[in-house]
Structure formats: structure tokens, C-alpha cells
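Nothing in this text is a laboratory measurement; each read-out follows from the coordinates by a stated rule. Note that the structure is predicted; figures quoted are calculated from it, not measured. Ideal geometry is used to build each Cβ from the backbone, glycine not excepted, and the neighbour counts take in all protein chains shown.
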Amino acid sequence: MVGKRKTPERKCVITNEMKAKKDLIRIVRDKEGEVSVDPTGKKNGRGAYLTKDLAVINQAEKTGVLAKHLNAEIDHEVYEELRTLVQDRHEK
């Protein structure tokens, strides 16, 4: 008997909601301490997930929660890239 594959779920670090991995954006810190947006969800390193929502991204920047989760400085550019990703998705 072949069962339906379970969709991988992750927790948004802002809302603490469990969501399907495809509904979240992964932000990753690599061994060198570089923080980047990981749209594929496959980069190596420590990851944190955010809901694809501008309000969530803005809150993450305001509270500095990503810096705590990834134990690294988060550049303003990372948040700009996240916002661009979310806006592009809403315009399609």
C-alpha cells in the first residue's frame, strides 16, 4: 500500500505557526557566517523560516528575531530581498 507523502512542515519564527515548507521563505547562515535568502530551501547551513507576508517580514526586522535564531548580523539587504520575493509572488 502506497501512502500519500506527508508535506514537510516548518515553523515560522515570528508567528510560531506550523506551515507547509512551500508557504515559507528560508533564511540561511552558512559556515562563514554569511546570511542569505534561500528560495530553494536546499542551501547548507542554519536555517530559519518566515511566512511569506510583508507584515511578518517587517516584524522580523523590527524585533531582530532572525539575528537571534541565526546567531548572526542580518543586513538590511536581506530584508529587502525578502520583501521583493513576497511582492513578486503577490503580483503574479
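So which of Lys6/Lys62; Lys19/Lys42; Lys21/Lys68; Lys11/Lys68; Lys31/Lys68 end up more than 26 Å apart by C-alpha?
Too far apart for the 26 Å limit: Lys6/Lys62.
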Checklist line | GluC sites (Glu not before Pro) lying in DSSP loop within region 22-65, provided at most 15 other Cβ fall within 10 Å | finding: Glu32, Glu34
Note to self: For the chain, what does the relative contact order come out to in percent, with C-alpha contacts under 8 Å and a separation of six or more?
What the structure shows: 25
Next item on the list: Using only Cα atoms, tell me the angle between helix 76-91 and the longest principal axis of the chain; keep it within 0 to 90° and round to the nearest 10.
Entry: 40
Notebook entry, point to check: According to the Cα gyration tensor, what semi-axes, each the square root of 5 times an eigenvalue, does the equivalent ellipsoid of the chain have, listed from largest to smallest in whole Å?
Noted result: 22, 16, 13
Next item on the list: Using only Cα atoms, find the angle between the long axis of helix 54-63 and the longest principal axis of the chain, and express it within 0 to 90 degrees, rounded to the nearest 10.
Entry: 50
